[in-house]
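Colleague: Before I ask anything, let me first share the structure, which is written out below as structure tokens.
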Amino acid sequence: MTETMTSGAEPPKPYTIIFTTTSIDGRIAGPHGERIQLSCPYDKQRLYLLRGRCDAVMVGANTIINDNPTLRRRLNPKTTRYYRVVIDGKLRIKPTARIITEPGPPLIIITAVDPPKQWQQLETPNQVHIHTIPAKPGQVDLKQALKLLKQRYNIQTLLVEGGGILNHNLLKQHLADELRTTITPHIISAGPTITRDPTGKGNTPPLKLTLYAHETCPCKQCIHLIYLTKPNTKPKIPWSLKQLQQ
Ligand SMILES: NC(=O)c1ccc[n+]([C@@H]2O[C@H](COP(=O)([O-])OP(=O)(O)OC[C@H]3O[C@@H](n4cnc5c(N)ncnc54)[C@H](OP(=O)(O)O)[C@@H]3O)[C@@H](O)[C@H]2O)c1
């Protein structure tokens, strides 16, 4: 199914949590964007349990291109609905990506271009919905995209698993409610960071978040931090590993 929407007024959106695992120097991948094992087993468990609490998981195109994840649920699902969402302005992901070829929950691709024929006749074991929601050429209107996820698919809670460009765009537009990040004992010194503005402008003044909680990982080497983007709010989903395990 393909569909086009245009920009409009202030939309409602799902409760949105960004989750990242970083090195001490804020890197989320290797110097050339290659996947690096930063997570310890507890951090992986934390991420999978959080997936189980959310109605959808979202990533940017580079994360699919570089890591080729399936983004399936792995542990203890607490909600019945579960979608996988990819933001891909120029539709650069390949129809051979595992998220498309391997059986899994429905996939929603949001792009800023009209999908070529190969995408309209896609052969896949999965339900694939493609929506074209441009803000400007190559740029998805993220506000409208989140509105669509809530209104069309009834997605109330959204887990964003990076990468840095998508994280930046969501934070800059005040569309994320939380940033949960695990700092691991590594230093990489080059490569993609937790947030990244490809225009190079960055945030001036810097965005300021509010630290809500922190937890030392059971491995004793990592620290998990829960930041809220709006002061005087509370996380809508449990944050401690113990609570998530219940
Ligand atoms: N450690 C972790 O927790 C973690 C988690 C996830 C990923 N990663 C790493 O992060 C790296 C990828 O991060 P990244 O910063 O390079 O890229 P990314 O955020 O995964 O993807 C960036 C792409 O997403 C699309 N996109 C994002 N916002 C958009 C918008 N508003 N409109 C249109 N398109 C938008 C664009 O695709 P188009 O160019 O097609 O327009 C953009 O180039 C990977 O190497 C992966 O290994 C690490």
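Values in this text are rule-based calculations from the coordinates and carry no lab data. What you see is a predicted model; the values in this text were computed from it and never measured. Glycine gets a Cβ as well: all are built from the backbone with ideal geometry, and neighbour counts include every protein chain shown.
Colleague: Could you work out the helix-only [θ] at 222 nm for the chain, with each DSSP H run of four or more residues adding -39,500 (n - 2.57) and the total divided by the number of residues, to the nearest 500 deg cm²/dmol? It would help to have the intermediate numbers written out before the result.
Modeller: Details: 7 runs with 54 residues, N = 246.
Counting only the DSSP helices, I get -6000 deg cm²/dmol.
Colleague: Note down the net charge around Ala176, summing +1 for each Lys or Arg and -1 for each Asp or Glu among other residues with Cβ under 14 Å from its Cβ.
Modeller: Summing Lys/Arg as +1 and Asp/Glu as -1 gives +4.
Colleague: Label segment 73-153 by shape, choosing from rounded, prolate and oblate, from the square roots a ≥ b ≥ c of the eigenvalues of the Cα gyration tensor; if a/c is under 1.5 it is rounded, and otherwise prolate applies when a/b is larger than b/c, oblate when it is not.
Modeller: oblate
Colleague: Decide, for segment 25-126, between rounded, prolate and oblate: order the square roots of the alpha carbon gyration tensor eigenvalues as a ≥ b ≥ c, take rounded if a/c falls under 1.5, and otherwise choose prolate if a/b is larger than b/c, else oblate. Mind dumping the intermediate values first?
Modeller: Values: a/c = 2.13, a/b = 1.26, b/c = 1.70.
Note, shape of segment 25-126 comes out oblate.
Colleague: Quick one: of Lys13/Lys117; Lys220/Lys242; Lys172/Lys220; Lys208/Lys236; Lys117/Lys147; Lys44/Lys208, which pairs are farther than 24 Å apart, Cα to Cα?
Modeller: Values: Lys13/Lys117 31 Å; Lys220/Lys242 15 Å; Lys172/Lys220 32 Å; Lys208/Lys236 20 Å; Lys117/Lys147 27 Å; Lys44/Lys208 27 Å.
Beyond 24 Å: Lys13/Lys117; Lys172/Lys220; Lys117/Lys147; Lys44/Lys208.
Colleague: Let me ask something else about it. Considering only DSSP beta bridges with both partners in segment 2-245, what is the antiparallel share in %, to the nearest 5?
Modeller: The antiparallel proportion sits near 35 percent.
Colleague: Taking θ as phi - 60°, what are the ³J(HN,Hα) couplings along segment 103-112 by the Karplus curve (6.51, -1.76, 1.60), each to the nearest whole Hz, with x for Gly and Pro?
Modeller: My calculation for segment 103-112 gives x, x, x, x, 10, 10, 10, 10, 10, 10 Hz in order.
Colleague: Would you pull out the residues with amide H under 5 Å of Lys90's amide H, same chain only if 5 or more places away, H placed 1.01 Å from N?
Modeller: Here the answer is Ala112, since their amide H atoms fall under 5 Å of that of Lys90.
Colleague: Apply the Karplus curve 6.51 cos²θ - 1.76 cosθ + 1.60, θ = phi - 60°, to the phi angles in segment 137-154 and return the couplings in whole Hz, x for Gly and Pro.
Modeller: Running phi through 6.51 cos²θ - 1.76 cosθ + 1.60 with θ = phi - 60° gives x, x, 10, 7, 7, 5, 4, 5, 5, 5, 4, 4, 4, 6, 6, 7, 10, 6 Hz.
Colleague: Highest mean first, what order results for 124-135, 228-239 on Cβ atoms within 10 Å? Don't skip to the end; give the middle numbers.
Modeller: Values: 124-135: 17.3, 228-239: 13.8.
Answer by packing, highest mean first, reads 124-135, 228-239.
Colleague: Report the trypsin sites (Lys or Arg not before Pro) located in segment 156-209 that are in a DSSP loop and have at most 14 other Cβ atoms inside 10 Å of their Cβ, or state none.
Modeller: Lys201, Lys208
Colleague: Specify the longest stretch of the chain that does not include any exposed loop site, a site being one of the GluC sites (Glu not before Pro) with a non-H, G, I, E, B DSSP assignment and at most 16 other Cβ atoms within 10 Å.
Modeller: Counting at most 16 other Cβ atoms within 10 Å as exposed, the longest clean stretch of the chain is 124-246.
Colleague: Another question, then. With N set to the number of residues, divide the alpha-carbon radius of gyration of segment 2-245 by 2.2 N^0.38 Å and report two decimals. Write down the numbers at each step before the final one.
Modeller: Working: Rg = 17.2 Å, N = 244, 2.2 N^0.38 = 17.8 Å.
For segment 2-245, the normalised Cα radius of gyration comes out at 0.97.
Colleague: What are the ³J(HN,Hα) values, in whole Hz, obtained from phi via the Karplus relation 6.51 cos²θ - 1.76 cosθ + 1.60 with θ = phi - 60°, for each residue of segment 89-94 in sequence order, with x given for Gly and Pro?
Modeller: x, 9, 6, 8, 5, 9
Colleague: Next question, about the same structure. Please list, in chain and number order, the residues 5+ apart from Tyr212 or on another chain whose amide H is under 5 Å from its amide H, with Hs placed from the backbone.
Modeller: Ile226, Tyr227, Leu228
Colleague: Also: List the residues whose amide H sits under 5 Å from the amide H of Met58, counting only those 5 or more places along or on another chain, with H placed 1.01 Å from N in the peptide plane.
Modeller: Val85, Leu159, Val160, Glu161
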